[in-house]
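Below is one structure, written out as structure tokens; comments come after it.
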Amino acid sequence: MYPEKLQNIIELFETLPEVERRETLVAYSDSAPKQEPRPNEKFDLEDVRKDEECADKVGVYLLVDDKGRAHVRMTLGPEVQTLTRAMSSILCKGLDGATPQEILDLPSDFVTRIVGAELVRVRSQTTYYVLTRIKGICKVYLDRQRATEVRLQA
Amino acid sequence: MQRNPVPVQLDESSCHRQSAVDHFYMNTNPTEYAHPEALVGTDWLEQHLNDGDIRIVESNEDILLYDTGHIPGAVHIDWRADLQDPVIRDYIAPDKFAELCSRNGIGPETTCVFYGDKANWWACYALWAFRLFGHKNVKILNGGRDKWKAENRPTTRDVPKYPATEYPVPAKRMDKEIRAFVDEALAQSHAKKPLIDVRSPGEFKGEITHMAEYPQEGVLRGGHIPGAKSVPWKTATKEDNTFKSAAELAKIYFEGAGVKPEVDTVVYCRIGERSSHTWFVLTYLLGLDNVRNYDGSWTEWGNKVGAPIEKGA
């Protein structure tokens, strides 16, 4: 149902007691800078913007390799909440190597399995925002790809 | 409405402030805060990190922010998990408050210094909640977490453990003194007494039904309680999130918003956190003893059947 790497992360979180769940989320948040674009990386799509849903600017960068596998990088402004940073890091790692269509089809019900019901609440809903942004860039990629295919067939 | 004044006396030193408070009532152009002891600066706090009679309390909107690093010795109080009843939209009962204090090493005489993110919204909210239970000795770290971090002051991820205290169960919650419910907010509106709406101008005018950056928190109707004056919470702060001077605050609230020391005032926002910030300003910095926080705020009023609204400036 989920890409294998994401499934592994979900299963890890489901085994953790609450204190360790928080610690692990903070560890993922700490590692968010590692998900930023690396020097000389070139992307198929880049989407950097400040939306109303989030406290600061979020950049999403999509690279689809020659096997059709997606690699997502993200940049996060300093005001982005810790939980959102953690989810960005989890998604970049968990979705690495999935196809854009697999990402687009991903149900969002795994978020609470990772974060835990206690932390998903009013004022922490941006945990879903980063997933929406990643899906958004995948949708644009797929739409453009389909448009190109239609042009080539015409 | 006649009410018992809120005992805003904070600690022994505040006894000496009484003359300043008296002076304040005669002078709506004060040169100093009515209760300057309710604020501590970052320098002061760094020099008092190990004081035994102080407990530093962090309270944030970002629920994992404390875990990423906090002021050494600070405990974490979660505005929802620790202060709110899990079933009813209300605050915890007095016995739960006593348990909360006990497990955080807070005794009835402990001075709690609150700080947090978002310019101290949630720190003021937690302070207000502590006052609901009658905890006397409360202070705010001026400038909050952002100022502490910006000044590169020490932080740690070590979670402190304090011996449990014997915290007597408060006899009551001070709902009547510092909290307003929907019927009281309506009565305030009908009586044309000061109602301060601390939300953004767009929310006040009814142009948006949510706070900027929080579109998921919409309500059915936009606008404000009839008769309310718009004074966004941020009006009370400087760029570094510290509070403006007493003279500036007096001008904003007395001259600009029609607040009068002799008439009780109700403040509100969406869920009571931004209005806690303004409640702190009016109560501790301007010395009013008759300010109540309508914590049901616009999430209640804007959805409530039968509640009248006004739109526009």
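The values are calculated or read from the model by the stated rules, or taken from the named source; none is laboratory data. This is a predicted model, so every value here is computed, not measured. Quick reminder, even Gly has a Cβ in these numbers, built from the backbone with ideal geometry, and neighbours come from all protein chains shown. Only protein heavy atoms, including side chains, enter the accessible area calculation; ligands, DNA and RNA are left aside. Shrake-Rupley method; radii C 1.70, N 1.55, O 1.52, S 1.80 Å.
Can you tell me which residues in the stretch A:55-68 are more than 14 Å from every other protein chain (Cβ to nearest Cβ) and within 16 Å of A:GLY136 (Cα to Cα)? Lay out the reasoning, then the answer.
If we filter the stretch A:55-68 for residues that are more than 14 Å from every other protein chain (Cβ to nearest Cβ), which is where we start, we get A:59-68.
The answer is A:GLY59, A:VAL60, A:TYR61, A:LEU62, A:LEU63, A:VAL64.
Output the residues belonging to the stretch B:192-211 that are within 13 Å of B:GLY222 (Cα to Cα) and either within 14 Å of another protein chain (Cβ to nearest Cβ) or open to solvent by 30 Å² or more (accessible area, probe 1.4 Å) (or both).
B:SER200, B:PRO201, B:GLY202, B:GLU203, B:LYS205, B:GLU207, B:ILE208, B:THR209, B:HIS210, B:MET211 - these are the residues of the stretch B:192-211 that are within 13 Å of B:GLY222 (Cα to Cα) and either within 14 Å of another protein chain (Cβ to nearest Cβ) or open to solvent by 30 Å² or more (accessible area, probe 1.4 Å) (or both).
State yes or no: is B:ASP146 part of a loop (DSSP other than H, G, I, E, B) and open to solvent by 20 Å² or more (accessible area, probe 1.4 Å)? Give the derivation first.
Values: part of a loop (DSSP other than H, G, I, E, B): no; open to solvent by 20 Å² or more (accessible area, probe 1.4 Å): yes.
No.
Per-residue answers, yes or no, for (1) open to solvent by less than 10 Å² (accessible area, probe 1.4 Å); (2) over 19 Å from A:VAL26 (Cβ atoms); (3) within 14 Å of chain A (Cβ to nearest Cβ); (4) touching a helix residue (DSSP H, G or I) at 6+ places or on another chain (Cβ under 6 Å):
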residue	(1), (2), (3), (4)
B:HIS48	no, yes, no, no
B:ARG55	no, yes, no, no
B:ILE63	yes, no, yes, no
B:ILE71	yes, no, no, no
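Conditions tested, residue by residue: (1) closer than 12 Å to B:SER59 by Cα; (2) touching a helix residue (DSSP H, G or I) at 6+ places or on another chain (Cβ under 9 Å); (3) loosely packed, with under 15 Cβ neighbours inside 10 Å; (4) among the aliphatic types (A, V, I, L, M).
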residue	(1), (2), (3), (4)
B:ILE77	yes, yes, no, yes
B:ASP85	no, yes, yes, no
B:PRO94	no, no, no, no
B:SER102	no, no, no, no
B:PHE114	yes, yes, no, no
B:ALA126	yes, yes, no, yes
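Okay, residues lined up against (1) surrounded by 23 or more Cβ atoms within 10 Å (Cβ to Cβ); (2) within 24 Å of B:GLY144 (Cβ to Cβ); (3) of a type in the set (A, V, I, L, M); (4) within 14 Å of another protein chain (Cβ to nearest Cβ):
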| site | (1), (2), (3), (4) |
| --- | --- |
| B:PRO226 | no, no, no, no |
| B:SER230 | no, yes, no, no |
| B:TYR253 | yes, yes, no, no |
| B:GLU262 | no, no, no, no |
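Failed condition for A:THR112, given (1) under 25 Å from B:ASP117 (Cβ atoms); (2) among the polar types (S, T, N, Q); (3) touching a residue at least 12 places away in the same chain (Cβ under 8 Å), with all others met?
(3)
So which residues in the stretch A:78-95 are within 14 Å of chain B (Cβ to nearest Cβ) and either open to solvent by 10 Å² or more (accessible area, probe 1.4 Å) or on the phi > 0 side of the Ramachandran plot (or both)? First the steps, then the outcome.
Going residue by residue through the stretch A:78-95, those that are within 14 Å of chain B (Cβ to nearest Cβ) are A:78-90.
A:PRO78, A:GLU79, A:GLN81, A:ARG85, listed by residue number.
Mind checking which pairs have a first residue in the stretch B:152-163 that is closer than 14 Å to B:ASP43 by Cα and a second that is open to solvent by 50 Å² or more (accessible area, probe 1.4 Å) and modelled with pLDDT of 95 or more, Cβ under 6 Å, 6 or more apart or different chains?
Hits for this filter: B:ARG153/B:GLU46.
Go through the stretch B:238-313 and tell me which helices (runs of 4 or more DSSP H), entirely inside it, have 1 or more residues that are more than 15 Å from B:ALA34 (Cβ to Cβ).
B:273-280, B:297-301
On the basis of being among the hydroxyl-bearing types (Ser, Thr, Tyr), touching a strand residue (DSSP E or B) at 6+ places or on another chain (Cβ under 7 Å) and either touching a residue at least 24 places away in the same chain (Cβ under 8 Å) or under 23 Å from B:ARG274 (Cβ atoms) (or both), does B:THR111 make the cut? Working first, answer last.
Numbers: among the hydroxyl-bearing types (Ser, Thr, Tyr): yes; touching a strand residue (DSSP E or B) at 6+ places or on another chain (Cβ under 7 Å): yes; either touching a residue at least 24 places away in the same chain (Cβ under 8 Å) or under 23 Å from B:ARG274 (Cβ atoms) (or both): yes.
Yes, satisfied.
Somewhere in the stretch B:27-44, is a residue without any contact (Cβ under 8 Å) to a residue 24 or more places away in the chain and either part of a loop (DSSP other than H, G, I, E, B) or buried (at least 18 other Cβ atoms within 10 Å of the Cβ) (or both)?
Step one: of the stretch B:27-44, the residues without any contact (Cβ under 8 Å) to a residue 24 or more places away in the chain are B:27, B:36, B:43-44.
If we keep only those that are either part of a loop (DSSP other than H, G, I, E, B) or buried (at least 18 other Cβ atoms within 10 Å of the Cβ) (or both) as well, we get B:27.
Scanning the stretch B:27-44, I find at least one residue that is without any contact (Cβ under 8 Å) to a residue 24 or more places away in the chain and either part of a loop (DSSP other than H, G, I, E, B) or buried (at least 18 other Cβ atoms within 10 Å of the Cβ) (or both), so the answer is yes.
Can you confirm whether B:GLU262 is farther than 21 Å from B:TYR125 by Cα, touching a helix residue (DSSP H, G or I) at 6+ places or on another chain (Cβ under 9 Å) and of a type outside the set (Val, Ile, Thr)? Even if it seems obvious, please write down each step before you answer.
Details: farther than 21 Å from B:TYR125 by Cα: yes; touching a helix residue (DSSP H, G or I) at 6+ places or on another chain (Cβ under 9 Å): yes; of a type outside the set (Val, Ile, Thr): yes.
Spelling it out, B:GLU262 is indeed farther than 21 Å from B:TYR125 by Cα, touching a helix residue (DSSP H, G or I) at 6+ places or on another chain (Cβ under 9 Å) and of a type outside the set (Val, Ile, Thr).
I'd like the residue in the stretch A:96-154 that is hydroxyl-bearing (Ser, Thr, Tyr) and within 22 Å of A:ALA70 (Cα to Cα) and, out of all such residues, is most open to solvent (accessible area, probe 1.4 Å).
Quick first cut of the stretch A:96-154, residues hydroxyl-bearing (Ser, Thr, Tyr) only: A:99, A:108, A:112, A:124, A:126-129, A:132, A:141, A:148.
So of that shortlist, the ones also within 22 Å of A:ALA70 (Cα to Cα) come out as A:99, A:108, A:127-129, A:132, A:141, A:148.
Working: A:THR99: 35, A:SER108: 53, A:THR127: 0, A:TYR128: 64, A:TYR129: 17, A:THR132: 90, A:TYR141: 42, A:THR148: 58 Å².
Across the stretch A:96-154, the extreme among qualifying residues is A:THR132.
Please enumerate the residues belonging to the stretch A:32-54 that are within 14 Å of chain B (Cβ to nearest Cβ), assigned to a loop (DSSP other than H, G, I, E, B) and crowded, with 16+ Cβ neighbours inside 10 Å.
As a first pass, look at the stretch A:32-54 and keep what is within 14 Å of chain B (Cβ to nearest Cβ): A:32-33, A:49-54.
Filter once more, so that each one left must be assigned to a loop (DSSP other than H, G, I, E, B): A:50-54.
Answer for the stretch A:32-54, where residues must be within 14 Å of chain B (Cβ to nearest Cβ), assigned to a loop (DSSP other than H, G, I, E, B) and crowded, with 16+ Cβ neighbours inside 10 Å: A:GLU53, A:CYS54.
Restricting the stretch A:71-104 to residues that are of a type in the set (Lys, Arg) and in a helix (DSSP H, G or I), which is farthest from the chain's Cα centre (by Cα)? Before the answer, list the steps.
Applying the first criterion (of a type in the set (Lys, Arg)) to the stretch A:71-104 yields A:73, A:85, A:93.
When the remaining residues are screened for being in a helix (DSSP H, G or I), the result is A:85, A:93.
Numbers: A:ARG85: 10, A:LYS93: 8 Å.
Among residues in the stretch A:71-104 that are of a type in the set (Lys, Arg) and in a helix (DSSP H, G or I), the one farthest from the chain's Cα centre (by Cα) is A:ARG85.
State which residue is modelled with the highest pLDDT when the search covers only the stretch A:1-19 and only residues that are in contact with a Phe, Trp or Tyr (Cβ under 8 Å, 6 or more places away or on another chain) and under 10 Å from A:LEU95 (Cα atoms).
Applying the first criterion (in contact with a Phe, Trp or Tyr (Cβ under 8 Å, 6 or more places away or on another chain)) to the stretch A:1-19 yields A:2, A:6, A:10.
Among the residues that remain, those that are also under 10 Å from A:LEU95 (Cα atoms) are: A:2, A:6.
On the way: A:TYR2: 92, A:LEU6: 97.
Once the filter is applied, the top-ranked residue is A:LEU6.
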